[in-house]
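The values are calculated or read from the model by the stated rules, or taken from the named source; none is laboratory data. Quantities reported herein were computed from a predicted structural model and do not represent experimental measurements. Quick reminder, even Gly has a Cβ in these numbers, built from the backbone with ideal geometry, and neighbours come from all protein chains shown.
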Amino acid sequence: MSFNPIRAFNYLEDLSYPRFTGSPGEASAREYIKEKLQSFGYTPVLEDFRIKTFEIVKSKVEITNHELGEIPCSGIGFSGSTPEEGVEDDLIYVESGDRMLLPSKSGFIYLMSTRPNLETWKFLNKRRPSAIIVAESNPYRSLSHIGIPVEWEKYGRIPSVYIGFEDAIRLIRSDAKRARVTLVQKEFDTTSYNVVAEKRGYKYPDEIIVVGAHYDSVYDVPGSSDNAGGTAFVLELARVFSTIETKRTIRFVLFSGEELGLRGSLAYVDRHKEELENIKLIINLDVHGACIGTSSCIVTGTSELKTYVDSLAKELGIKINVKEDIMSSDGNSFAKHGIPAVNFFRSSGTGLDMHTIRDDERFMWSTGYKLLGLFVESFLRRLANAEELPYKKEIPENLKKKVKEYFTERLGID
């Protein structure tokens, strides 16, 4: 039995609907994953964790002194809410929060060229703008459907929305001097679940290789590539290895809550902290299935692990762009505890649609799995059956620093 790209694509199709954490779509995806794993002969386990999530109830931008009128927008989760009637104030363009452009008094609705990072968010909260309107990064991108990390709330709230790149240019070029922003969102605690299935090793059962992907999407987005594609990849690998005896244990984990700050994988490593010493590697599969593209890999580990990936790619005749770095994905939750992560993903023009409603099935196809499916299956077979793993289980100091900065400076998590 070997990796079947068509099967993987079929799973992707089945999962291409909104699966935001705490939504009915997430629950539906979880049941689908569980049923598939059971059909392969596994006994999947649902591991629960508590998580804070949100629901965008209403988002609206209106220019009140100009014929431009209402402008399409999308709310930014956890940024805060306005009153039901919204907030109206003078509109000012402040680029990326440049101090030269900031007004000397509080108030105003800030029009920004980029979403604030954590440091800018802290600073802008001291200026107390009424709201923030963020322009999309280019004229070809649809509206982002995302949230900021919930940890940022301790520094303050500024109701924030996205508008299109061209709409932002129209605002700047026109006499639009005043706007009303309405953003109403619900925030609530809920229970989410990671889905775990295991293939026990026959010679070194206490040595574990985790194969993971997140099955949640951002709100109201089909998330075909991100990450129905990665979820489908894990399911097909689980099918392949269901009938193969391996020396090491392979643990397939489908995480939820990744789009809210790696919550599922963080919950997983916390729940399994007593056995982290036994986890030798995580193979993380995030963003897959694009019909046209190239294969990429980010190794958060030693240079010998990168060299091993490079060498196997050459042996198989598969071009993979491999580099040592970190990826904004669940592998970081393991790297934080010294567990190397090998992150495989599909590089494609479809990346432009990430986290927008255009991340759907139109540009996905089985060709997206043909090469990486073969490679990851071969990679996993070799590691699961090696008498000795061909790399040290450690994270180089420069990557440790990047992982730490990712959690502290990007997510606001200590």
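I'm trying to understand the selection: among the residues of segment 381-401, which are part of a helix (DSSP H, G or I), crowded, with 18+ Cβ neighbours inside 10 Å and under 23 Å from the mean Cα position of the chain (by Cα)? Of everything in segment 381-401, just one residue is part of a helix (DSSP H, G or I), crowded, with 18+ Cβ neighbours inside 10 Å and under 23 Å from the mean Cα position of the chain (by Cα), namely 399. Residues considered: 221, 210. Of these, the only one that is touching a Leu at 6+ places or on another chain (Cβ under 8 Å) and surrounded by 23 or more Cβ atoms within 10 Å (Cβ to Cβ) is 210. With the structure loaded, tell me whether residue 157 is touching a Leu at 6+ places or on another chain (Cβ under 9 Å), among the basic types (Lys, Arg) and modelled with pLDDT of 95 or more or whether it fails that test. Considered against the rule, which asks whether it is touching a Leu at 6+ places or on another chain (Cβ under 9 Å), among the basic types (Lys, Arg) and modelled with pLDDT of 95 or more, residue 157 comes out as no.
Taking first residues from segment 1-14 that are more than 11 Å from residue 289 (Cβ to Cβ) and partners that are small (Gly, Ala, Ser) and surrounded by 15 or more Cβ atoms within 10 Å (Cβ to Cβ), the Cβ contacts under 7 Å between residues at least 6 apart in sequence or on separate chains come to 3/373; 6/366. If I filter segment 236-251 for residues that are within 27 Å of residue 134 (Cα to Cα) and either part of a loop (DSSP other than H, G, I, E, B) or more than 15 Å from the chain's Cα centre (by Cα) (or both), do I get at least one hit? Checking segment 236-251: not a single residue is within 27 Å of residue 134 (Cα to Cα) and either part of a loop (DSSP other than H, G, I, E, B) or more than 15 Å from the chain's Cα centre (by Cα) (or both). Put simply, of 343, 284, 321, 332 the only residue that is in contact (Cβ under 8 Å) with a residue 40 or more places away in the chain, more than 18 Å from residue 232 (Cα to Cα), in contact with a strand residue (DSSP E or B) (Cβ under 8 Å, 6 or more places away or on another chain) and of a type in the set (S, T, N, Q) is 332.
Annotation: of all residues in segment 53-90 being outside any strand (DSSP E or B) and under 30 Å from the mean Cα position of the chain (by Cα), the one that is farthest from residue 216 (Cα to Cα) is 82.
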